[in-house]
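Shown next, in structure tokens, is the structure this report addresses.
Read the figures in this text as sums done on the coordinates, not as results from a lab. Everything quoted here is computed from the prediction, not taken from an experiment. Note that we place each Cβ from the backbone using ideal geometry, even for glycine, and neighbour counts take in every protein chain shown.
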């Protein structure tokens with residue numbers, strides 16, 4: 001009987017150890033990144049934006065990763081509660097001049113809206129977008145090249161501003177093409 005428990009228990013222990021190693025390998029287990037609250041990160045952007053090197057947003061996970069600089073050099077991870085809070089946070093980052101990158105769109109892509117930006121006439125200058133999967137920051141859109149086509153609205157209230165020129169904004173519901 002003792003031999004049976006040893007022989008059955010050994011493969012079970014091996015499976016548990018392998019599962020633990022696989023889980024830690026696949027999930028990254030980044031010990032340098034520490035959790036923080038959304039409100040703490042918003043306060044840091046407003047009060048001390050120069051302490052933030054870069055912010056990376058992952059809308060699919062509703063997660064923000066901020067790389068801090070200086071004596072407080074570390075990485076913090078924050079989960080934001082709603083798409084509206086992400087839009088607010090994106091405006092704060094832009095207002096304070098903090099470098100950020102968005103890794104795609106969040107939520108269910110079935111409900112996404114395709115957004116195309118088409119310049120009228122001689123072109124458009126200073127196009128800035130908020131809440132789109134591929135944001136533009138004070139960029140030109142000349143006539144001809146299809147640079148403003150097929151963006152995706154990532155939040156309910158996206159915004160487009162133009163410094164000079166006329167811009168046609170077209171929103172189309174995204175559909176599955178077979």
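Using only the Cα atoms of segment 109-173, build the gyration tensor, take square roots of its eigenvalues as a ≥ b ≥ c, and label the shape rounded, prolate or oblate: rounded if a/c is under 1.5, else prolate if a/b is larger than b/c, else oblate.
Because a/c hits 1.5 or more and a/b exceeds b/c, segment 109-173 counts as prolate.
According to a simple spin-label model (label point 7 Å from Cα along Cα-to-Cβ), what is the distance in nm between residue 96 and residue 164?
3.2
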